[in-house]
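Any read-out appearing in this document is the output of simple, stated calculations on the displayed coordinates, not a laboratory observation. This structure is a prediction, so every number in the text was calculated from the model and none was measured. So basically every Cβ, Gly included, is an ideal-geometry build from the backbone, and we count neighbours across all protein chains shown.
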Amino acid sequence: MPDSPGPGPRTRARSRAKVTQPPPQHDSLNPRRSEASWNEDVTASSTALSEPAQTATSGTPVSQGTEQPISTLNTETTAESHTATQQEERTYPFPAPKMVPATPVQQTALRKSQESFEGLGCPTPFRADSHVPHGNTKAQQLTVLTELGKTGRVKKEYLHTLYNTPELNDSISDFLRDSPLYDSANNHWAEVPDSVDDEKVLYAPYIKIIQAILDGPGQSNANGSTASRIAVDTHKTNLVHYDMETQTKPDIVIKATGPSFQEPIPLSKQDPASGMVHIGWCNIACVFDVKRNSPDGGPKAQLGQIANYNRQVIISQPNRRLLRSLIMTETRFRYFHLDRSGAFYTEYMDIHGEAATFVRLVIGLSSRNEADIGLDTNIQWEIEDGMKTRGTITTIDGDGNRIRYALEMDDPRFIQHTIRGRGTIHWYAKREDSDKRVVIKESWKADGRSSEKKLLERLSGANKVNGFAELISYEDNIAQTKDYRPDNFVCDDFVNCTLVRVTLECPGPSLRFFSTQIEAIGTVRDGIKAHANLLIGRVVHRDINIDNIMIVKNSKGLRGVIFDLDMALSGYAHERPPKSPEARSALRLYLSVALLRDQELSEMCAAVQDYLDDLEAFFYVLCKLLYGFRGVGTPVARSRDVRTSVLARWEIGVDSTIATNKYEFLQGTEVVEKPQRFWSTASVELGRKFGKYILGIIQEKDSIRQELDPDVRNERFRDLYDNIDSHYTTILGYFDEALVALAKPGGSLPRREDQPKPRPTTVVFSPVPLGAMPPNPFRRIRGSRGPGLTEYHLAGSDQDTGVPAIHDHECNRARCHRAELVSHPQTPSASRPSGSFLNIKILSRQSKLKRASEEVDDMEEKAGKRHRRYSRPFGLPETIHEEEDSIDSSDDDSEAE
């Protein structure tokens, strides 16, 4: 059978039942299998991808005793797909394939599984979030407000129900009756004025009131705890944000000690030994803000400011479930609540007439009982000298019994830096009675989202997918956000979220903590293979990122596994709930161009997330390694400069701008930085090949999405999905080739520094006939019409009248026809010859000045030199002026003398 040139546009009118051509063979965009492999019996299952690849010198997986090719791909076809060096010069789009007699197509396991996802509607859209901060504090406030979405307003009567117990109410009544700070006869706080011109006047009286509350009725909920709470005026204290670039100054905070709080690293220029209160986001129980009655900024502006503070609190205190704050004015106060489902606030309440409610809220928001202030007491730490030293997390084991794990304090965890959304956290821990390591993934599942539990149970046990982390336990219904709201709470944008914990076997650390280049590349490679196995199990992951890939340590086979099915989609209809009303959250760095592209601006149909988007996400994982790590254990500091950082261009901005930046990067039109020097040539070449292949897929999907006829569009998508086996095989082949190169002696060495290019020798052409070479032809004589162009006259010979002057039009012609020009010799200024040189004399057009070769003096004026320096004609090298200046500098000195 003749070879097919490529996958190009295929006949649209044909039906799926009758195939008019066999799948073409491999090419640089969509390498397809040979006709023989398509006629093989399909016996592939998830075990077809069970063993890691062992590479041969060609980079092709070895078939005997090692990895089996994906689905029914044989090793011969795989080898054919890796002749990329000969085929990658082909341009996109590819020519249409030759028409050949129909051949029955036998579906592979991958292709059959992919069919179960076709015909599905568009996925739930993504929500803008604040995971990656950018801009100043005002810009960050707007970003957080966008993330929170619509906020509900609650009647002030709701505040009467919070922290309301008979014992506490009695204690509050006694406090208000006896405290000199409150005038119980007039129902008024004694030191709080009714009107102020500056809110700063209110700081001192409110600090005094809050501290008196904490020292009085606030002690009633201590229950023997040694934890402390102190009201601190921080309106002049810059609290550094997690991004280490911005900082804010909340008005009043409650400094806390206890099992969930630790002293901050002294970044706020406070010395603990000086007696100042050392405060930071990691030891703040709650935030209070002070405003004037008028203007108070309105609830939206207040929420933006409060949310920006509390976002830093939830990042620094990862066991936070919710955050609560108060806004106080001269006569009123307002309550704000934030959690994983968004935010709401209450109406204003009279701070004087409702003093008992105000006191009760201050006690509740500053409570020594950490559960009252929204901290998860299942996660606790031991504090020594103000710092967390050891920690534990309690969940359930496989039998449903409570079990406590010891947290690995030296192993950083992944924390999603948002308020609303999944709030995913990865805790790495060990059993207290053994060294068995686990990873405990904690997240908030929105109602209507696919159940990760069902998928994990189906993919474990006898149906275990090789390359996916094995399930130990699943703890559900730990907490729900609807319990933090009034019973009759109504908001169009509210969706209840449930806290769940998934405990998985941990074969090694996150991909971030690779120890060698080979380990990093091999882990990504096996992660792609695990993704294919997962797809054969009829699950598409849809959330590939660097933190969802773990390294397998001390294994002769598998090198990497993937986990986290929060956003996964099942191919079985009974495992797919109706479309969730809650928008999805995702890291923009790893989203595909198709998902980021604005469908209205690009005039395309809405994107459907498929396995190709996940393969593109693996490419961005590789780029995260190449551009985000200077070496082992040395990540590059996150940059917010989109002009110089590739990763910043993929994280900051609106989705359509990020999509354009990614597309331009793949095209090679925007090169803002190079991969880090640590990565070898083989790794960088892998990124180049992978990116070129992904670019072809993006272009094909863009072309399909622009198709107006839905039937034709669906047919073209099916044609694209017919290449599913070769999509995986080709990409794995690129990784195999890189691993072979890395395994060679010196293959993992960092790339050499670019050698500085030698400065090119300046060549100045002069329209001089052969044989007429002046002693200093590079020097331009004052008054000549062009730089470096001079009239030459051969004195004392028969050729005195034989060399005509070269005029302007001839000078231009001489510049264009270099064959008529000769280059000057080395500068005579370095070594002046003695005596005359062929008795040659130099004549100026405007003067009869003659210079002898033994005494060359520069008579030019400085103004003339400046004129030539800034009026270089087009076409002459810039370095000519540099040489002239360096030579003429000695003459300037002589003139000064």
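When Rg and the Kirkwood radius Rh are both evaluated on Cα atoms of segment 572-636, their ratio Rg/Rh stands at 1.10.
For segment 632-743, the average shadow cast by the Cα convex hull is 8.9 nm², which is a quarter of the hull's surface.
The Cα-based radius of gyration and maximum Cα-Cα distance (Dmax) for segment 423-514 are 16.2, 50 Å.
Size of segment 107-212 from its Cα atoms: along the principal axes, largest to smallest, the extents are 85, 40, 23 Å.
Highest average first, the peptides 708-717, 725-734, 386-395 ordered by how many other beta carbon atoms sit within 10 Å of their residues are 725-734, 386-395, 708-717. Once you have a ≥ b ≥ c as the square roots of the Cα gyration tensor eigenvalues for segment 384-472, tell me rounded if a/c is under 1.5, and otherwise prolate or oblate according to whether a/b is larger than b/c. Since a/c reaches 1.5 but b/c is at least a/b, the shape of segment 384-472 is classed as oblate.
Distance cut-off 19 Å, Cα to Cα: go down the list LYS529/LYS701; LYS200/LYS291; LYS529/LYS556; LYS445/LYS482; LYS112/LYS445; LYS553/LYS744 and report the pairs above it. Violating the 19 Å Cα-Cα cut-off are LYS529/LYS701; LYS112/LYS445; LYS553/LYS744. Using only Cα coordinates, the Kirkwood hydrodynamic radius of segment 285-442 works out to 17.7 Å.
The smallest convex shape that holds all Cα atoms of segment 477-599, its convex hull, gives 167 Å³ per residue.
Calculation over all alpha carbon pairs of segment 538-660 in 5 angstrom steps from 0 returns a P(r) of 2, 9, 15, 20, 20, 15, 10, 6, 3, 0, 0 percent. Ordering 417-428, 179-190 by mean Cβ neighbour count within 10 Å, with the highest value first, yields 417-428, 179-190. With kT/(6 pi eta Rh) evaluated at 25 °C and eta = 0.890 mPa s, and Rh the Kirkwood radius from Cα pairs, segment 516-578 diffuses with a coefficient of 195 µm²/s according to Stokes-Einstein.
Between PHE126 and ARG584, the built amide H atoms are under 5 Å apart, and every one of these is 5 or more places off in sequence or on another chain.
With only alpha-carbon pairs counted, each pair once and no self-pairs, how large is the Kirkwood hydrodynamic radius of segment 345-408 in angstroms? Hydrodynamic radius (Kirkwood, Cα pairs) of segment 345-408 is 15.1 Å. Other residues lying with their Cβ under 13 Å from the Cβ of LYS156 contribute a combined charge of 0, Lys and Arg counting +1, Asp and Glu -1.
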